[in-house]
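First up is the structure itself, then whatever we jot down about it.
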């Protein structure tokens with residue numbers, strides 16, 4: 001399974017950063033360049049344990065749907081979400097929040113696997129890792145801007 005971790009310090013307390021990270025509206029705003037929208041499940045507000053949401057967004061010029069569920073919620077330290085239906089063979093996102101000088105250290109760890117075996121592994125190595133890093137960075141930029 002391919003993976004990467006991104007970290008940054010957000011100038012706000014962990015509980016506020018945690019809550020904003022679960023806000024559907026913030027997520028949609030952060031992904032407006034991909035025309036992302038909610039099309040099922042919990043479509044607004046702050047997500048919680050067991051909430052499922054279906055996102056629709058344009059990636060590589062193609063509209064995809066991905067349904068994910070939020071679990072392992074330990075406010076304000078950590079939560080996880082994973083794909084339950086969608087384009088990946090597997091997708092898991094672990095969000096972690098810790099007090100840090102200047103605010104909160106936010107860490108995102110993404111583990112993913114594209115379908116199609118060896119071809120999917122090649123796509124992950126050549127294209128998907130970089131693309132997903134850009135998606136998560138855009139989301140984290142929006143969280144940072146919110147607290148600026």
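No lab work stands behind these numbers, since they all come straight from the coordinates. What you are looking at is a predicted structure, and each value in this text was computed from that prediction instead of being measured. Heads up, the Cβs are rebuilt from the backbone with ideal geometry, glycines too, and the neighbour counts pull from every protein chain shown.
See the values below:
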{"item": "Footprinting exposure proxy for 1, 106, 133 (fewest neighbouring C-beta atoms within 10 Å first)", "result": "1, 133, 106"}
{"item": "Rounded if a/c under 1.5, otherwise prolate or oblate - region 15-71, Cα gyration tensor axes", "result": "oblate"}
{"item": "Anisotropy class of region 81-139 from Cα gyration tensor, a/c 1.5 cut", "result": "prolate"}
{"item": "Sequence-separation-based contact order of the chain, relative, with Cα cut under 8 Å and 6+ spacing, percent", "result": "29"}
{"item": "Rotationally averaged projected area of the chain (alpha carbon convex hull; nm²)", "result": "8.1"}
